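What follows is a set of notes on a single structure, which appears directly below.
All of the numbers you see were taken from the coordinates with simple rules; none came from a lab. Owing to the predicted nature of the structure, the values given are computational and were not obtained by experimental measurement. Here the Cβ positions follow ideal geometry from the backbone for every residue, glycine too, while neighbour counts run over all protein chains shown.
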Amino acid sequence: MREPITLFIVEGEKRDYRFAKEMERCFFVRGRHKITVISVPASQNVYMLYEQLREDDFDTDVVEILRERVPDARAKLEGVSRHSIDQIYLFFDFDPHQDNLTENGVASLDAIDTMLQVFDNETEHGKLFISYPMVEALYDYRRDCCQAFSGCFIPIDDVPDYKRMAGDGNDNASEHMEHNQWKEVIEVFALRVKCLLGLSSMSYELYRKKVTPLVLFQAQRKVYELRERVFVLSAFPEFLLDYFKRDFWNSHVKRTRYSFERCEKEEMGGAGN
């Protein structure tokens, strides 16, 4: 009986791809869950992919689009049929300053809303996870705090400079992430979701009931439209908490209370809620 193949589709060929491979190494190669993971770069942002899919009314298989149009993806998918892929996960950036849409009347927020509704099942079209504002959110946190290193809320005008803001002077921005750092990232993510959604508590049951990629986007959209900011949140820990079950949550999410130097949300009057 063949091993199941899980496909990770990431936005970029460098850092996005590296993070996906680091996650694969920590949780699917060294861990108990032995599955075959293939990571491929889309070499385009979510808005560009939206345009390609929209041309065919979203009936086109994203795997075949990448095989046809992205040489690096074609090479990595050589010998792999679409039917041999059990699960598809997509990791893209919100990245509002990279809005390449050409269709009149389609805003970037509406495009992402559509993408999240189309890509909502890993065994069908695939399941999409969004990093806000971009992939560097993975290491954008302060140790022992729920705060982002760059600041929890990034003004829209500052998003083009986010890579520098998240990385300069941040000891978490390392080349390799071992399991202990992934555990920190996951725990911080759960607390930050609690903050974004205005929840009074956070448990495995509540997370499973309340949190989906579309719910997080809708909360982000509110912050974006009302405050012209983006709340820093990574797609990778979101995927891990979605993929694994209760035992994973219990071993990776221990902290239930916030810890911070100052609360930006309180200073902004409860932004987004």
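Details
- The chain: DSSP helices with Cα axial extent of at least 18 Å and average Kyte-Doolittle hydropathy no lower than -1.0: 179-197, 213-227
- Once the Cβ-Cβ distance of residue 76 and residue 156 is raised to the sixth power relative to R0 = 51 Å, the FRET efficiency obtained is 0.90.
- Paramagnetic label zone (point 7 Å from Cα along Cα-to-C-beta, residue 114; backbone N under 14 Å) in the range 51-78: 51-60
- With a threshold of 24 Å on the Cα-Cα distance, the over-threshold entries among 21/183; 209/245; 21/254; 21/76; 127/210; 14/163 are 21/254.
- Nearest-20 debye value, the range 1-131 charge dipole, Cβ charges on Lys, Arg, Asp, Glu: 1040 debye
- Between residue 178 and residue 225, the simple spin-label model (points 7 angstrom out along Cα→Cβ) gives 4.6 nm.
- Antiparallel content of DSSP bridges confined to the chain, in %, to 5: 25 percent
- Looking at the range 1-131, the pairs of alpha carbons with a distance over 21 Å make up 39% of the total.
- Spin-label pair residue 164/residue 56, simplified geometry with 7 Å Cα→Cβ offset, distance in nm: 4.1 nm
- When only the Cβ of Lys, Arg, Asp and Glu is charged (+1, +1, -1, -1), the dipole of the chain relative to its Cα centre reaches about 1380 debye.
- A Cβ-based charge dipole, computed about the Cα centre of the range 138-273 with Lys and Arg at +1 and Asp and Glu at -1, lands at about 680 debye.
- Between residue 143 and residue 38, full extension at 0.36 nm per residue minus the direct alpha carbon distance yields a gain of 34.7 nm.
- Tail fraction, Cα-Cα pairs, the range 120-233, threshold 20 Å, whole percent: 44 percent
- Alpha-carbon centroids, the range 43-59 and the range 177-211: separation in whole Å: 30 Å
- Applying 1/(1 + (r/R0)^6) with R0 = 51 Å to the Cβ-Cβ distance of residue 212 and residue 171 gives a FRET efficiency near 0.95.
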